[in-house]
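In what follows, a structure is listed as structure tokens, so that the remarks can point back to it.
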Amino acid sequence: MTPPVVRPDDPLLADEAARWASAYVHVPFCARRCPYCDFAVVVDGEPGADAGTDAYVEAVVAEIAMERPWGPLHAIAFGGGTPSRLSAVALGRIVGALRRRFGVVDGVEVAIEVNPEDWTDRFAAELLDAGFDRVSFGVQSFDAHTLAWLGRVHDPHQAEAAVVSARHAGFRSVGIDLIYGTPGEDLDRWVTTVRRALALDLDHLSAYALTVERGTALSRSILAGAPAPDPDQQADAYEAIGELAVAAGLVRYEVSNWARPGHHSRYNLATWGGAEFVAFGAGAHDHRDGVRARNVRRLDVYLDRVASGVRPRAGSERLDRAAADVERLVLGLRRVAGVRRDDLVERLVVDPAGRRLVAAGVLRVGPDRLVVERPLVTDEVSRAVLALVDRDPSVSGDDC
Amino acid sequence: MVEPVELHGLPFPMTAPSRIRNFSIIAHIDHGKSTLADRLLERTGAISERDMRAQVLDEMDLERERGITIKANAVRLDYVASDGETYQLNLIDTPGHVDFSYEVSRSLEACEGALLLVDASQGVEAQTLANAYLAIEGGLEIIPVVNKIDLPAAEPDRVAAELAGILGGSADEVLRVSAKTGEGIDELLEAIVDRLPAPEGDQAAPLRALVFDSFYDTYRGVVSHVRIFDGAIGQGDGLRFMATGLDTSADEIGIRRPRTEPVETLGTGEVGYLVTGVKEIDLIRVGDTVTHRDRPAAEALPGYREPKPMVFSGLFPTDGDDFERLRDALEKLRLNDSALIYQPETSRALGFGFRVGFLGLLHMEIVRERLEREYDLDLVATAPSVAYRVNLTDGETFMIRSPQDMPEPGKIASIEEPYVKAMIIAPATYIGTIMELAQSRRGEMGEMTYLSPERVELHYELPLSEIVFDFFDQLKSRTRGYASLDYEPADYRPSDLVRVDILLNGVPVDAFSSIVHRSEAYRYGKAMVERLRELIPRQLFDVPVQAAIGSRIIARETIKAKRKDVIAKCYGGDVTRKRKLLERQKEGKKRMKMVGQVEVPQEAFISALKLDQ
Ligand SMILES: Nc1nc2c(ncn2[C@@H]2O[C@H](COP(=O)(O)OP(=O)(O)OP(=O)(O)O)[C@@H](O)[C@H]2O)c(=O)[nH]1
Ligand SMILES: C[S@@+](CC[C@H](N)C(=O)[O-])C[C@H]1O[C@@H](n2cnc3c(N)ncnc32)[C@H](O)[C@@H]1O
Ligand SMILES: [Mg+2]
């Protein structure tokens, strides 16, 4: 079956994705904690880890039952942590629970993040059986030095083999994540990584600039004097991958994401469009009925709460009009498709800050859409949007 | 006990002028004035041992932190002399730093005598001479005192001879004390009573009181320090301030010991404070004469000469909303610091502020700190400048106190800059070093006299700007602290001066323009553009930073366009967190100023200016 060939940056697709219902499942388990990572993860020996993955799966299934009915789902996404630390059977149990609770549309996307070292042909077959049609490998790099620097478990060959295996197994979309701009990685080494990636004939490619998140081991070592990522080096790396990916037939559709036509990530497109989604698991965030809520991050606390029959919430925020306006533009403008011109956009483009962004070639005002032409400076646009919404006397902020 | 005298036929417990002594303690900086005041307070029982602390009259936090006196401070002591009589001593401790000599001259006006202190280990220094001359000109009786005789390095004989030399007396008349150990204090107290004249005024004449200081009290309004020259003030009296015409009344009068103590009356020759409840700051001026409304004096006291600010700088609130508070603070501070003058100024880079005149760089620093602390402001100051005289080609001449006021080069026939007469006192071994330094700062040497075989007094004429900026620091460091400097304004002389402008993306940033000697222009321009290149964050496009004289560019740097400013990974789960991150960044942007399409954080301007000082 051939998927409909729609370009991932198609504005109609972007607008449609804003209406999709989707579900996210967070799997916090990791073999070890990468020095740059600040996601909700538990590694062996940390509170809750000893309860085991089975208990976690049961808890997630129980949590799914607590969510108000909704749907049908256009996409189901497993992220982490390392979802591939769960067995395909366990993953399938969760997918089944989601299908039963919310229903799914025909051709629903069921995606999973996988660490290369966890991949086997057998796991591939079981995932397909469990209903998965999309895999994304956390490759990060094909450079052995960079992988070591990033504290990764796998080696470049393992990653290549995993991708090839997934291809052969018959997943509808196969993609990888890369990280660029690691201190000390020169452009040549990065270009080599990119070429090796593109040689795999990928359906999807995500490339993220190494980001120093607060509280991580990376951040501590930089504070102690280790070299920090250099934004100019990152810009060079970004430009290089941009050119090579396009030459390989991939189309950029978000700041850091490229896809072959027909292979965009539905779940991600939905979230960038501001669509609502349900989410389950320790540290998971959801967005329903105008509220963004998050679960507790601690695994042991999560398990306890669910066991006692309560939703394991850590906090929530009702999006007022200002926040919703900001999100619509801030998220929407990360997409190559940009956003439809509405009142807020009209105000932005006549605002002095907006005019400067247009003059600097960052924003382009099209006949019916506003788009970002220099994705590497998107945050300048985001801040201008925030400032604009801030100044608007007709909206008032209320936070819960 | 104080013996009552008659006033207007009514008995008041006032001290007869014959038993009053009013004097200032004057000296070069750090020679021990405030410490000597401590001993006098202690010996006369004005302050209990428990309340005693070093330099107790240095009441301001800034004075205590820096260990220097900034404000003159008056206090009353009762001293039982060896003749068995009780004398009222009104002492004014004065600052020694050259920037505060206006405080000294005002204090001297309220006194008949002065204690001229010299550090026995240092000898006569520049402000020793300068302050001695002020006292002599004022017709005051001077008691020369060698202090710190306890120090191992003390040379009391040599220093006494130096002092006698400059005062034209004999070394025997020079007292020797240690303000630290208290040695010689009794003799000093006796000398104050014996050698200083009593105040002369006419007790029966209409009231004339000199306002020699004042400050603003939130509850009581303006509080003035007064010296009664003729007549007396009684509590509740109807009063008139002669210069401003303000009619008011004496809500409260009193003295400081140093704790304030209300009294019924202040008689001829006495010193005290006066509260009128007046809150209109500009109606009470230092130097004004207070008289009675119903029996006004025919003539006011001579008052004070206007202070001559030497250095000017723009003061701006870092938060633009604080402009009014800054205005209010300046008004109030001016009461307490009459050397302060100011007028509003606008800067594109810094917003609304004031151009303020100061007596020197220390004065500038102190004013700014006082404004920040006492009035809770956060300020930025532009580079200090002296006042230049500009002669235009059309024959017109005017003064400029800010680089912004400088006309286009084409209209200028010539510019003159202020010169000062400087006096340097130093050990003779440093003559060569000093001559070299002065020459490199465009100094012209005048006379040189030996105070003693080891110490010389050198006279120079120098551009004020050189003195103000780093001459003094250089002098200190090259003479290992042994040289001292005093200066007074001389004349204006033609000079090859230019205004260097700093342009950001082609637009001048007014706060950084500076008038400098042509030979310094490149150095200034280059330093400034390099600094701004470092401090100004990268923009969405390349930004040239240039230094220019008129339309000629003399230095240039480029702030390279920023290439990456984006959150790399943004997924459904962390939207709230990312929004908050952007929110914080945006808050930082609020303090940005737009200059020539360039967004500059206020802090960049501020740091660039701070580095300049
Ligand atoms: N050994 C010794 N030290 C003294 C004596 N008098 C003052 N000092 C020290 O000299 C320093 C300066 O003393 P101050 O009393 O602050 O001097 P000042 O003349 O009031 O200084 P300014 O008000 O800043 O001009 C302090 O460290 C004192 O402790 C003295 O008689 N002997
Ligand atoms: C949350 S991680 C989990 C996926 C998987 N466990 C792994 O380690 O590959 C998902 C992706 O986020 C990216 N990522 C995580 N932390 C990052 C950071 N500090 N800077 C840039 N990218 C990061 C990596 O590319 C990673 O593949
Ligand atoms: Mg002092």
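Run the accessible area of chain A with a 1.4 Å probe and give the carbon-and-sulfur part as a rounded percent. Show your work: numbers first, answer last.
Values: 8390 of 15910 Å².
C and S atoms contribute 53 percent here.
Where the alpha-carbon atoms of region A:321-396 are placed on the principal axes, they occupy 31, 23, 22 Å, in descending order.
Derived from the Cα gyration tensor, the three semi-axes of the equivalent ellipsoid of chain A are 31, 27, 22 Å, largest first. Leaving ligands and nucleic acids aside, the A/B contact buries around 3400 square angstrom of accessible area in total at a 1.4 Å probe radius. Once C-alpha pairs closer than 8 Å and six or more residues apart are averaged by separation and normalised to the residue number of region B:366-518, the relative contact order reads 25 percent. Residue by residue, region B:297-314 carries 3J(HN,Hα) couplings of 6, 6, 9, 7, 5, x, x, 10, 6, 5, x, 10, x, 9, 10, 10, 8, x Hz when phi is fed to the Karplus relation 6.51 cos²θ - 1.76 cosθ + 1.60 (θ = phi - 60°); x denotes Gly or Pro. Its convex hull of Cα atoms gives region B:499-611 a direction-averaged projected area, equal to a quarter of the hull surface, of 7.7 nm².
Would you calculate, for chain B, the mean residue ellipticity at 222 nm contributed by helices, counting each DSSP H stretch of 4 or more residues as -39,500 (n - 2.57) and dividing by all residues, to the nearest 500? Please list the in-between numbers first.
Numbers: 13 runs with 150 residues, N = 613.
About -7500 deg cm²/dmol.
Loop-located trypsin sites (Lys or Arg not before Pro) across region B:318-392 with a Cβ neighbour count of 16 or fewer within 10 Å are B:348, with loop assigned by DSSP. Ordering A:98-104, A:22-28 by mean Cβ neighbour count within 10 Å, with the highest value first, yields A:22-28, A:98-104. With θ taken as phi - 60° and the Karplus curve 6.51 cos²θ - 1.76 cosθ + 1.60 applied, the whole-hertz 3J(HN,Hα) list for region B:397-406 is 9, 8, 9, 10, 10, 9, x, 4, 7, 6 Hz, x standing for glycine and proline.
Rounded to the nearest 0.05, what FRET efficiency is calculated for residue A:44 and residue A:239 with R0 set to 51 Å and r the Cβ-Cβ distance?
The computed FRET efficiency comes out at 0.80.
Among the residues of region A:284-333, those with an accessible-area drop of 10 Å² or more from chain alone to full protein complex, heavy atoms and 1.4 Å probe, are A:285, A:292, A:317, A:323, A:326, A:327, A:330, A:331. Peptide A:369-378 has a mean shielding of 3, counted as Cβ atoms of other protein chains within 10 Å of each residue's Cβ.
Simple rule: put +1 on each Lys or Arg Cβ and -1 on each Asp or Glu Cβ in region B:499-611, find the dipole, and look at B:568, B:582, B:513; the Cα lying farthest toward the positive end is B:568.
Taking B:97, A:145 and ordering them by how much accessible surface each has at a 1.4 Å probe, largest first, produces A:145, B:97.
At the residue level, residue A:157 shows approximately 130 square angstrom of accessible surface with a 1.4 angstrom probe and all protein chains present. Each other residue within a Cβ distance under 10 Å of residue B:31 adds +1 if Lys or Arg and -1 if Asp or Glu, for a net charge of -1. Taking amide H as placed 1.01 Å from N in the peptide plane, residue A:140 has its amide H under 5 Å from the amide H of A:177, A:178, A:179, each at least 5 places away in sequence or on another chain.
Rank-order A:110-123, A:268-281, A:60-73, A:169-182 by packing density, defined as the average count of other C-beta atoms within 10 Å over each peptide's residues, highest first.
On the way: A:110-123: 20.2, A:268-281: 24.5, A:60-73: 16.5, A:169-182: 22.2.
Going by the mean number of other Cβ atoms within 10 Å, highest first, we get A:268-281, A:169-182, A:110-123, A:60-73.
At full extension, residue B:519 and residue B:217 could sit 103.8 nm farther apart than now, given 0.36 nm per residue minus the alpha carbon distance.
Based on C-alpha pairs under 8 angstrom that are at least 6 apart in sequence, chain B has a relative contact order of 9 percent.
Please sort A:326-332, B:248-254, A:374-380, B:134-140 by packing, taking for each peptide the average over its residues of neighbouring beta carbons within 10 angstrom, highest first.
On the way: A:326-332: 23.3, B:248-254: 19.0, A:374-380: 21.7, B:134-140: 16.6.
By packing density, highest mean first, the sequence is A:326-332, A:374-380, B:248-254, B:134-140.
Remark: region B:208-292 carries a charge dipole of roughly 200 debye about the Cα centre, counting +1 on each Lys and Arg Cβ and -1 on each Asp and Glu Cβ. Starting from the Cα of residue B:150, move 7 Å in the Cα-to-Cβ direction to define the label point; list residues of region B:158-194 whose amide nitrogen is under 13 Å from there. Those under the cut-off are B:177-185. Amide H to amide H distances under 5 Å link residue A:77 with A:23, A:24, A:25, A:111, where only residues 5 or more positions off or on other chains count and H is placed in the peptide plane. A 1.4 Å probe run over chain A, with the rest of the protein chains in place, finds 40 Å² accessible per residue.
Kindly flag which residue pairs out of B:33/B:308; B:33/B:279; B:148/B:332; B:569/B:589; B:180/B:421 have an alpha-carbon separation exceeding 27 Å in this structure.
On the way: B:33/B:308 25 Å; B:33/B:279 33 Å; B:148/B:332 38 Å; B:569/B:589 23 Å; B:180/B:421 35 Å.
Where the Cα-Cα span goes over 27 Å, the pairs concerned are B:33/B:279; B:148/B:332; B:180/B:421.
Averaged over its residues, region B:311-384 has an accessible area of 36 Å² per residue, based on protein heavy atoms and a 1.4 Å probe. Taking H placed 1.01 Å from N in the peptide plane, check which residues at least 5 places from residue A:254 or on another chain put their amide H under 5 Å from its amide H. For residue A:254, whose amide H was placed from the backbone, the distant partners under 5 Å are A:336. Translational diffusion coefficient of region A:163-278 (Stokes-Einstein, Kirkwood radius from Cα pairs, 10 °C, 1.306 mPa s): 102 µm²/s.
Here is the tail figure for chain B: Cα pairs spaced more than 44 Å apart come to 30 percent of all pairs.
Spacing of the modelled spin labels on residue A:350 and residue A:313, each 7 Å from Cα toward Cβ, amounts to 4.0 nm. Would you mind estimating how fast region A:177-239 diffuses translationally, via Stokes-Einstein at 4 °C and 1.567 mPa s with the Kirkwood radius over Cα pairs, in µm²/s? Answer, rounded: 102 µm²/s. With θ taken as phi - 60° and the Karplus curve 6.51 cos²θ - 1.76 cosθ + 1.60 applied, the whole-hertz 3J(HN,Hα) list for region A:72-79 is x, 7, 8, 8, 10, 10, 10, x Hz, x standing for glycine and proline.
Taking every residue in A:381-389, how many Cβ atoms of other protein chains lie within 10 Å of its Cβ, on average? Per residue, the number of nearby Cβ atoms from other chains is 4 on average.
Overall shape of region B:208-292 was characterised from the C-alpha gyration tensor. The equivalent ellipsoid obtained from it has semi-axes of 16, 15, 11 Å, in decreasing order. Across the accessible surface of region B:389-495, with the other protein chains kept in place and a 1.4 Å probe, carbon and sulfur atoms take up 49 percent. Summarising the label geometry, the points placed 7 Å from Cα in the beta-carbon direction at residue B:43 and residue B:65 lie 3.4 nm from one another.
Assuming R0 = 45 Å, what is the FRET efficiency of residue A:65 and residue B:569, from their Cβ-Cβ distance, to the nearest 0.05? Provide the component values of the computation, followed by the final result.
Values: r = 31 Å, r/R0 = 0.69.
E(calc), rounded to 0.05, equals 0.90.
Magnitude of the Cβ-charge dipole of the protein assembly as shown, K/R +1 and D/E -1, about the Cα centre, nearest 20 debye?
On the way: 121 positive and 158 negative charges, 986 e Å.
That gives a dipole near 4740 debye.
Do any GluC sites (Glu not before Pro) in region B:501-557 lie in a DSSP loop with no more than 14 other beta carbon atoms within 10 Å, and if so, which?
When the GluC sites (Glu not before Pro) of region B:501-557 are filtered for loop state and at most 14 Cβ neighbours within 10 Å, nothing remains.
With only the Cα atoms considered, region B:19-195 has a convex hull volume of 106 Å³ per residue. Computed from point charges on the beta carbon alone (+1 for Lys and Arg, -1 for Asp and Glu), the dipole magnitude for region A:11-272 about its Cα centre is near 600 Debye.
Inter-chain Cβ neighbour count for B:63-69, averaged per residue, equals 0 (cutoff 10 Å, partner chain atoms only). Between A:261, A:218, A:105, the Cα set farthest toward the positive side of the dipole of region A:11-272 (charges on each charged residue's Cβ, about the Cα centre) is that of A:105.
In terms of overall dimensions, the protein assembly as shown has a Cα radius of gyration and Dmax of 39.8, 123 angstrom.
With r defined as the distance between the Cβ atoms of residue B:181 and residue B:445 and R0 fixed at 51 Å, what FRET efficiency is calculated, to the nearest 0.05?
0.75
The distance between label points at residue B:413 and residue B:583 comes to 6.5 nm (points 7 Å beyond Cα on the Cα→Cβ vector).
Which one, A:360, A:75, A:17, has the greatest fluctuation when you compute a Gaussian network model over chain A with C-alpha springs under 10 angstrom? Looking only at A:360, A:75, A:17, the largest GNM fluctuation is found for A:360.
The values are calculated or read from the model by the stated rules, or taken from the named source; none is laboratory data. Here the structure is a predicted model, which is why all the values come from computation and not from measurement. Backbone-built Cβ (ideal geometry, glycine too); neighbour counts: all protein chains shown. Surface accessibility is based on the protein's heavy atoms, side chains included, excluding ligands, DNA and RNA. Shrake-Rupley method; radii C 1.70, N 1.55, O 1.52, S 1.80 Å.
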